[in-house]
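Contents: one structure, followed by commentary.
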Amino acid sequence: MITIGVTGGIAAYKVIDVASALKKLGYEIQVVMTKNSTEFAAPLAFATITGKPVITDMTDGDGEVLHIEIAKKSKIILIAPATANIIAKLRAGIADDFLTTMVLATKGTVVLAPAMNSNMYTNPVVQENISVLKSRGYLVIEPDSGVLACGDVGVGKLPDAVKITAYIKDLNDKPAVDQDLLGKKYLITAGRTVEAIDPMRYLSNYSTGKMGYALAEMAKDRGAEVILVSGPTNLTPPAGVTVVEVISARDMYKAVHENYTDVDVVIKAAAVADFRPKEVQAEKIKKGDDKLVLELVKNPDILKSLGDTKKNQILVGFAAESQNVIENATEKLKSKNLDIIVANNIKEEGAGFSADTNIATIIERDGTVSFIPKMSKKELANIILDKTKRGR
Ligand code: CTP
């Protein structure tokens with residue numbers, strides 16, 4: 001069963017569409033509303049759509065211990081909209097109404113869809129509460145940006161019903177996975193970087209981001225809190241992952257360092273451009289002469305800078321090699337102070353950037369070498385994640 005907890009925000013009325021879409025997909029839906037939310041959306045609307053009475057009160061249920069019963073039956077509890085108030089209460093473990101009591105008692109997956117004024121949403125106390133809940137395994141559907149009900153423009157809008165419904169459907173359809181990375185924070189980079197030449201041209205590489213996105217998805221599924229720093233890709237980020245979009249190597253450097261201190265594991269799957277044009281031309285470069293010489297300067301080696309300032313983090317690098325794979329990768333592991341390096345021979349069939357498969361050699365700091373045969377990037381991601389567990 002999927003339980004939808006509605007709390008008191010103006011976006012409550014939009015959740016009627018979510019309940020309706022999920023019901024049409026064939027799910028059993030139970031709606032629980034806080035007192036305040038009934039001012040924004042009529043319980044009767046939800047009851048009519050779901051075919052079940054809406055629970056608004058601790059005393060509902062004719063003397064049964066209904067909050068425990070619903071908590072046990074719920075595979076997923078979606079709280080939408082999730083106000084700053086419910087987020088704070090859940091973080092603190094307050095149980096003063098049906099919804100909060102039920103959430104405390106559930107073993108199901110709790111998904112929050114925060115929606116509020118952008119100043120409230122970006123307030124450090126709200127962000128800290130969300131971050132703590134994420135580290136306890138709560139999933140969060142990030143709010144959209146746009147014009148808010150109060151007239152302000154910014155982040156805090158409840159995503160549309162189609163997006164929320166798709167998220168819940170994906171989550172429900174996924175097989176249960178052992179939460180062995182719960183409480184751990186992973187920083188994963190993915191994709192390529194793009195280095196501008198002029199307003200319409202750039203230098204880049206063929207990386208699609210598939211390996212990094214597979215790592216992010218698997219880590220999230222196994223319970224980790226994941227920050228995905230991604231260069232431009234055509235991929236949809238996995239649900240429940242915090243995405244930081246970057247363009248250039250220097251953007252990636254900044255985003256990675258901003259998040260480095262409080263993560264447990266960093267996996268640098270991104271294909272970072274080693275060089276960038278010395279100057280970005282403000283105007284389009286004209287054809288002019290028969291020859292054009294571009295002067296390039298070196299980009300910062302992000303992974304090396306992480307290795308140089310490493311404390312307790314586990315650092316995982318990738319090595320794209322076309323020859324002497326083990327020697328070159330081992331050299332990179334040492335020079336960048338890594339714990340693990342995943343080497344690919346980019347010339348082997350089934351190991352390329354755009355493939356859904358990979359063939360890897362994993363080398364660990366203690367010298368262990370594992371040859372991983374051709375397999376899907378998701379399967380390889382799980383093997384890499386296994387190796388990031390300390391004391392395994
Ligand atoms: N990397 C990085 N910053 C760079 C270049 C690479 O963080 N400026 C990281 C990549 O994300 C990868 C690892 O370093 O995890 C190795 O990348 P690779 O391109 O194989 O090696 P390089 O260090 O660039 O060395 P070379 O190109 O000489 O093989």
Select, from 229, 280, the only residue that is farther than 22 Å from residue 180 by Cβ and within 10 Å of the chain's Cα centre (by Cα).
-> 229
Which condition does residue 225 not pass, out of (1) surrounded by fewer than 24 Cβ atoms within 10 Å (Cβ to Cβ); (2) farther than 26 Å from residue 351 by Cβ, if it passes all the others?
-> (1)
Give the residues of the stretch 251-279 that are surrounded by 15 or more Cβ atoms within 10 Å (Cβ to Cβ), among the hydrophobic types (A, V, I, L, M, F, W, C) and over 20 Å from residue 342 (Cβ atoms), sorted by residue number.
-> 255
The stretch 185-216, subset in a loop (DSSP other than H, G, I, E, B) and touching a helix residue (DSSP H, G or I) at 6+ places or on another chain (Cβ under 8 Å), residue farthest from residue 301 (Cα to Cα) = 191
Can we say residue 166 is in a loop (DSSP other than H, G, I, E, B) and free of Cβ contacts under 8 Å to residues at least 12 places away in the same chain?
-> no
If you go through the stretch 93-152 one residue at a time, how many are under 17 Å from the mean Cα position of the chain (by Cα) and in a strand (DSSP E or B)?
-> 9
Using the structure shown, decide if residue 52 is of a type in the set (Lys, Arg) and over 28 Å from the mean Cα position of the chain (by Cα).
-> yes
Residue list for the stretch 363-380, filter: assigned to a helix (DSSP H, G or I) and under 18 Å from residue 329 (Cα atoms) = 380
Can you tell me which residue among 10, 77, 49 is touching a residue at least 24 places away in the same chain (Cβ under 8 Å) and under 19 Å from residue 110 (Cα atoms)?
-> 77
Here is a list of conditions, (1) farther than 23 Å from residue 196 by Cα; (2) out of contact with any Lys or Arg (no Cβ under 6 Å at 6 or more places or on another chain), and residue 254 meets all of them except one; can you say which number that is?
-> (1)
Can you pull out the strands (runs of 3 or more DSSP E) entirely within the stretch 217-330 that have at least 1 residues that are within 13 Å of the ligand (Cβ to nearest atom) and modelled with pLDDT of 95 or more?
-> 225-230, 265-268, 275-277, 296-298, 314-321
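So, in the stretch 197-241, how many residues would count as being among the charged types (D, E, K, R) and more than 22 Å from residue 164 (Cα to Cα)?
Step one: filter the stretch 197-241 for residues among the charged types (D, E, K, R), giving 198, 201, 210, 217, 220-222, 225.
In the following step, the residues that additionally are more than 22 Å from residue 164 (Cα to Cα) were identified as 198, 201, 210.
Residues in the stretch 197-241 being among the charged types (D, E, K, R) and more than 22 Å from residue 164 (Cα to Cα): 3 in total.
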Only one of 258, 245 is closer than 27 Å to residue 280 by Cβ, of a type in the set (Asp, Glu) and touching a strand residue (DSSP E or B) at 6+ places or on another chain (Cβ under 8 Å), namely 245
Could you say whether any residue in the stretch 106-121 is among the small types (Gly, Ala, Ser), in contact with a helix residue (DSSP H, G or I) (Cβ under 8 Å, 6 or more places away or on another chain) and at pLDDT 95 or above?
-> yes
Of (1) surrounded by fewer than 17 Cβ atoms within 10 Å (Cβ to Cβ); (2) within 24 Å of residue 223 (Cα to Cα), residue 380 satisfies every one except (1)
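The values are calculated or read from the model by the stated rules, or taken from the named source; none is laboratory data. Just so we're clear, the structure is a prediction, and the values are computed from it rather than from any experiment. Using ideal geometry, Cβ is built from the backbone for each residue, glycine included, and neighbour counts are taken over all protein chains shown.
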